[in-house]
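The values are calculated or read from the model by the stated rules, or taken from the named source; none is laboratory data. Since the model is a prediction, treat every value here as computed from it, not as a measurement. When we count neighbours, we look across all protein chains shown, and the Cβ atoms used for this are built from the backbone with ideal geometry, even at glycine. For the accessible areas, the whole protein counts, side chains as well, though only heavy atoms, and no ligand, DNA or RNA atoms are used. Shrake-Rupley method; radii C 1.70, N 1.55, O 1.52, S 1.80 Å.
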Amino acid sequence: MDCHYIILFANCIPVKGVNRSLICDLQKNNISIIPNELYDLTILFDSNSVDRLLVYYGLENRIIVQDYFNFLIESGYAFYCQEDEIENFPSLDIDQFDLPSLISNAIIEFDSVDGDNIMHVAKELDTVFCSAIEVRFTKKIEFADLENCISLFNGNDIRISEVHVVVTDNYFNLDDLKNLFVKNLKLTTITVTGSLKQCEISDFSYGNSHIFFTTLNSHQPICCGNFIPNSFTTNMYFFIESQHHNTCLNRKIAIDKDGNIKNCPSMQKTFGNIRDDKLLTIIKNEELTSKWNISKDEVKVCRDCEFRHVCMDCRAYVEDPHDIYSKPLKCGYNPYTMVWDEWSINPLKQAAVEYYGLQKLVKN
Amino acid sequence: MVLILSDGVDKSVNTVVRYLYLKNAHPIVIQNSDISTIIQLSINEFTIFREQNISSDKISSYWFRRGQLNIENNIIDCYQQSPLINYIRDFGKNEIGSYISYIYYLLEKKKSIGSIFKSEINKLYVLRCAELCGLSTPNTLVATNSDSLLCFGDESLLIKSGSKFFSYTINNLIINSYSSLVKVNSLPESFFPNIFQNYIEKQYEIRSFFLINEFYSMAIFSKNDEKSIDNRKSFLCNRYVPYKLPKIIEQKLFDLMQKLQLNTCSIDIIKSTDGHFVFLEVNPDGIFENVSYFCNYQLEKKIANYLAKKND
């Protein structure tokens, strides 16, 4: 073979955990679990030829090392190249993250549809170049109100580009809901809670539009922050944001039904009110923004976890409520044993469960 | 204010515009569908109206992304009854065209990215310049009969169009001018003039976006069993990774950019199986979204920073 080096494609990035590692493919959006010894091998790729690696690992490991090479090549994670080509393939610069928004996403709760209030919120979100919003209705509303609310956020003079809606079922007609996507191009998803059936509708051709029906009663803040095994987010933006920022809270705000501004709906601390304060001022509050930069590399246990850069964080419910750097409460994965357990029955978590008043939720 | 000329407002224009707003740079986008009017035009300055007065002295920088400036052609309003109405309309179009052309000239004297005068650069001229700069290029011939192709000595040749990319859809049938491989013996004796090139076996392709004196390059690996002639055809199965061209190639490309007087463009290169970098073509209004996204170069932000920066 005249190819002397093996290198990983720059968007296939190995992440080391305490007991095993991942290769995160940020172009094809998938992950593979690999042993740490393969991780350690990949670190040597740039500075050692294939032959040298085989010699270095010794005759007794030759077959294993060769198998690792074959695995990486066949999975499309790596390719062979010549020594003089190595410098032509720089790594992906994962330390550069930016968005053309001061606030990239906002969760807004309304208990009724008041046009003036909605326009005020939309205009305020414009001042911080908010691009995506999730509107949650805390009470049942009429279809006409839903339609009105969405159309206000959809306006051409509003910079928001993505609207997600969570609404309690009120005998809505499916065709009416589908029609909302035709009239409002910014509308991306509708989640209908308290529905009789559980299903997802995405067979209509308006971009990435989806309607989700769920039998869950309502979208309560205490339900947030769940960690479901094998439901990870593998993509370039998420991975890069995760290097130095919090994957849930970075450039996020929540506005509750009374107008209070918080980091997220599940957190108690408020930083002002949308009716009286300017968002441009509020987002200068360091207590609000400091949580944006808590990365997984700083969170206890998570920093040892192989999934840390493909996993959403939660700072609202943590194992030790007095330590903002403690592990997310609702995560049942243990990177030291590599076992997923039900978080809610873990005896070590009961104090925090009581602290947050989650007992009722846990019993369900 | 920063003036942006674009054929439409897509995601990357929108991203640049948002970064500009965040820098208080006051961007204004004029799209193909916008009709402006001339308020005044002198040798040194102009004012046009499009929702507001846009004066050259207020414009600090200019980005020609694509598209054109459209000025209302109302010459026929005065000659509705004339039997020469079609000629008059054409005359009006030419008149306005000459003014618009001078407005472009005034705009490009500002700090600017891109040039409308370069958007339809001649492919053969570019190949000649590339050779003069020391870049390898494929053997190229514009042929009208199959006999003249025998000089290549190859069974199969690459066939491509000489002018702008063409694509139309009629009854779900897409007709376009993608480059493709043809067997010489399957061609008729004589045909419409076409560019033929020898087919170069490639390791990977390189798309390099030239912007403000830097090359932002990306290697494109095609799936081994589906090596394609034209990367646009097989978007999903490819692998896109950041790439750094060798210094010597960058220097030659830089010379080419100077020769062609381009301050931005997308460049197509092949790394051949025998290890050579073969220059294929430049697209002065080529897209950069993929290069920016897959390599995390954040070119939208770099464009905005450049346009917004004062006294550069």
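Here are a few things to note about the model shown:
- Extension gain from A:SER32 to A:ASN293, taking 0.36 nm per residue of separation minus the Cα-Cα distance: 91.2 nm
- Chain B contacts chain A over a buried accessible area of about 2400 Å², both sides summed; the probe is 1.4 Å and only protein chains count.
- A:LYS349, B:LYS164, ranked by accessible area, largest first (probe 1.4 Å): B:LYS164, A:LYS349
- Links that overshoot a 31 Å alpha carbon limit, given the list A:LYS139/A:LYS330; A:LYS140/B:LYS301; A:LYS183/B:LYS164; A:LYS140/A:LYS269; B:LYS111/B:LYS247: A:LYS140/B:LYS301; A:LYS183/B:LYS164
- Solvent-accessible heavy-atom area per residue, rounded to whole Å², over chain A at 1.4 Å: 48
- Accessible area of the range A:188-296 belonging to carbon and sulfur atoms, whole % at 1.4 Å probe: 49
- The residues of the range B:139-199 expose, per residue, 66 Å² of accessible area to a 1.4 Å probe.
- When the other protein chains are added to the chain by itself, burial of at least 30 square angstrom of heavy-atom accessible area (probe 1.4 Å, ligands and nucleic acids ignored) affects these residues of the range A:23-47: A:GLN27, A:LYS28.
- Shown is the FRET efficiency for A:ILE222 and A:ASP304, computed with R0 = 22 Å from the Cβ-Cβ distance and rounded to the nearest 0.05: 0.20.
- The order of A:LYS16, B:LYS160 by accessible area, most exposed first and with a 1.4 Å probe, is A:LYS16, B:LYS160.
- For the range B:277-312, accessible area lost to neighbouring protein chains reaches 30 Å² or more, against the chain alone with a 1.4 Å probe, at B:TYR293, B:PHE294, B:ASN296, B:GLN298.
- Scoring B:194-202, B:53-61 by mean Cβ neighbours within 10 Å over their residues and listing the highest first yields B:194-202, B:53-61.
- Estimated distance in nm for a label pair at A:TYR325 and A:SER161, the labels positioned 7 Å out from Cα along Cα-to-Cβ: 3.6
- Figure note: A:ASP116, A:ASP256, A:ASP51, A:ASP320 ranked by solvent-accessible area, largest first, 1.4 Å probe, ligands and nucleic acids not counted: A:ASP116, A:ASP51, A:ASP320, A:ASP256.
- The local environment of B:VAL17, defined by Cβ-Cβ distances under 13 Å, has a net charge of +4 under the rule Lys, Arg +1 and Asp, Glu -1.
- For the range A:131-163, a reduction of at least 40 Å² in accessible area between the chain on its own and the assembled protein chains (probe 1.4 Å) is found at A:ARG159.
- Taking the 1.4 Å solvent-accessible surface of the range B:121-181 as the whole, the part contributed by carbon and sulfur is 52%.
- Think of the range B:2-117 as a dipole: +1 on every Lys or Arg Cβ, -1 on every Asp or Glu Cβ, centred on the Cα centre; then among B:ILE100, B:ASN24, B:GLN81, B:ASN24 lies furthest on the positive end.
- Looking at the range B:2-117, the accessible area is 53 square angstrom per residue; that uses a 1.4 Å probe and ignores ligands, DNA and RNA.
- Comparing A:SER266, A:SER75, A:SER290 in a Gaussian network model of chain A, where Cα atoms under 10 Å apart are tied by springs, the biggest mean-square fluctuation is seen for A:SER75.
- Under 16 Å from a label point set 7 Å out along the Cα-to-Cβ vector of B:LYS11, the amide N atoms of the range B:273-312 belong to B:287-301.
- Bridge type composition, the protein assembly as shown - antiparallel percent by DSSP, nearest 5: 65
- Taking the protein heavy atoms of the range B:2-117 in the context of the full set of protein chains, the accessible area attributed to carbon and sulfur is 49 percent at 1.4 Å.
- Summed over qualifying helices (DSSP H, 4 residues or more, each -39500 (n - 2.57)) and divided by its residue number, the protein assembly as shown shows a 222 nm mean residue ellipticity of -7500 deg cm²/dmol.
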